[in-house]
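Structure record follows, encoded as structure tokens.
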Amino acid sequence: MTRPPVTRLLFVRHGESHHSLDGVIGGPEGCRGLTDRGRAQAGAVGLSLAGRLGGTAAAVYSSVLPRAVETADAIGAALGTAPVQHCGLCTWHLPPHADGMRTAEFQDSHAAGGGGVFRPFEHGNETWAELVARTGSAITEIAQRHAGGTAVLVGHSETVESSFHVLGGQPLYRAFDLKVAPASVTEWSTDGDPSAWPPARWTLHCCGGAEGAG
């Protein structure tokens, strides 16, 4: 009996970044990329994934933010493939004037009362539901494009969190929190059709494990 082809999605959070250490909002302009430690993490996770995949061809995608692009470039070099940037994998879409602002200042000066799943926490920010819908669309598109194959999605902690809603069927307001380490790997797979309705049933193999984080 022929086994159905397996689709694998490996989510990687970017390595340690300057914006997280500096406590600033790292948008397209405010993000200064990875620290030296972050670059070492990205290189290590690339080598780890190359060994894990054992020569299996894999596509690599990343958000458009410099810290994710740098991480994806290191992974792509290890896997022998050129990464593709996809804005759908980005973290929060914040107003341009907030880019580079101290995170605590933005959260304080732009606080929106009643913020939560369907209302933004800060004025001008996405809601959580909007972020999941945007990221979920990207994840689904990539899964369908690489049905029966493997894709690496390099993004942010929110990208990994979204996978639990999109692939794991979790409600938008989860009963638990996730702590996603820099350069960690979260793997989902399915032997179903990613384009099918009802949705394919996915298996979570590991979550947030810091491969090569060091």
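Please report the relative contact order for region 73-126, taking Cα pairs under 8 Å with a sequence separation of at least 6, and give it as a percent rounded to a whole number.
Reported relative contact order: 30 percent.
At a probe radius of 1.4 Å, what is the per-residue accessible area of residue 206, in Å² to the nearest 10?
Looks like 40 Å² after rounding.
How far, in degrees from 0 to 90, does helix 66-79 lean away from the longest principal axis of the Cα atoms of the chain, to the nearest 10?
Helix 66-79 sits at roughly 20 degrees to that axis.
Carbon and sulfur: what percent of the chain's accessible surface (1.4 Å probe)?
For the chain, the apolar C and S fraction of the accessible surface comes to 55 percent.
If you average 1/r over every pair of different alpha-carbon atoms in region 94-154 and take one over that average, what Kirkwood value in Å do you get?
When all Cα pairs of region 94-154 are included, the Kirkwood radius is 13.6 Å.
I need the calculated FRET efficiency for the pair residue 21 and residue 144, taking r as the beta carbon distance and R₀ as 35 Å, to the nearest 0.05.
0.45
Just to confirm a number: summing +1 for Lys and Arg and -1 for Asp and Glu over residues other than residue 93 whose beta-carbon lies under 10 angstrom from that of residue 93, what do you get?
Charge balance near residue 93 sits at -1.
Out of [x] 15.8, 44; [y] 17.0, 62; [z] 17.3, 50, which label holds the value of Rg and Dmax of the Cα atoms in Å that was computed here?
Of the listed options [x] 15.8, 44; [y] 17.0, 62; [z] 17.3, 50, [y] comes from this structure.
Find how much the distance from residue 177 to residue 97 grows on full extension, using 0.36 nm per residue of separation minus their present alpha carbon separation; answer in nm with one decimal. The partial results should precede the final answer.
Values: separation 80, 0.36 × 80 = 28.80 nm, distance 2.90 nm.
Extra length available between residue 177 and residue 97 comes to 25.9 nm.
Mind checking which of 117, 166, 180 has the largest fluctuation in a GNM of the chain, springs on alpha carbons under 10 Å?
Sorting by GNM fluctuation, first place goes to 117.
Distance from a point 7 Å along Cα→Cβ of residue 64 to each backbone N in region 105-138: keep the residues under 17 Å and list them by number.
126, 131, 134-138
What percent does the relative contact order of region 107-214 come to when contacts are Cα pairs within less than 8 Å and at least six residues apart?
Value for region 107-214: 19 percent.
Between residue 153 and residues 5 or more places away or on another chain, which pairs have amide H atoms under 5 Å apart, with H built 1.01 Å from N, and which residues are they?
10, 11, 12, 61
Averaged per residue, what accessible surface does the chain expose to a 1.4 Å probe, in Å²?
47
I want to verify a result. In a Gaussian network model of the chain, Cα cutoff 10 Å, which of these has the top mean-square fluctuation: 169, 155, 46?
Taking springs between Cα atoms under 10 Å, the residue moving most is 169.
Please list, in order along region 161-167, the HN-Hα scalar couplings obtained from phi with the Karplus expression 6.51 cos²θ - 1.76 cosθ + 1.60 (θ = phi - 60°), rounded to whole Hz, x for Gly and Pro.
With the stated coefficients, region 161-167 comes to 4, 4, 4, 5, 7, 6, 9 Hz.
Pick from 44, 183, 196: which residue has the top mean-square fluctuation in a GNM of the chain where Cα pairs under 10 Å get a spring?
196
Measure out, as a whole number of angstrom, how far apart the alpha-carbon centroids of region 1-48 and region 84-108 sit.
Computed from Cα coordinates, the inter-centre distance equals 17 Å.
Go through region 146-160 residue by residue and turn each phi into a ³J(HN,Hα) via Karplus (6.51, -1.76, 1.60, θ = phi - 60°); whole Hz please, and just put x for glycine and proline.
For region 146-160, the Karplus curve yields 10, 4, x, x, 10, 9, 10, 10, 9, x, 10, 4, 5, 5, 5 Hz.
The values are calculated or read from the model by the stated rules, or taken from the named source; none is laboratory data. The structure displayed is predicted, hence computed values, not measured ones. When we count neighbours, we look across all protein chains shown, and the Cβ atoms used for this are built from the backbone with ideal geometry, even at glycine. Note: areas computed on protein heavy atoms with side chains; ligands, DNA, RNA excluded. Shrake-Rupley method; radii C 1.70, N 1.55, O 1.52, S 1.80 Å.
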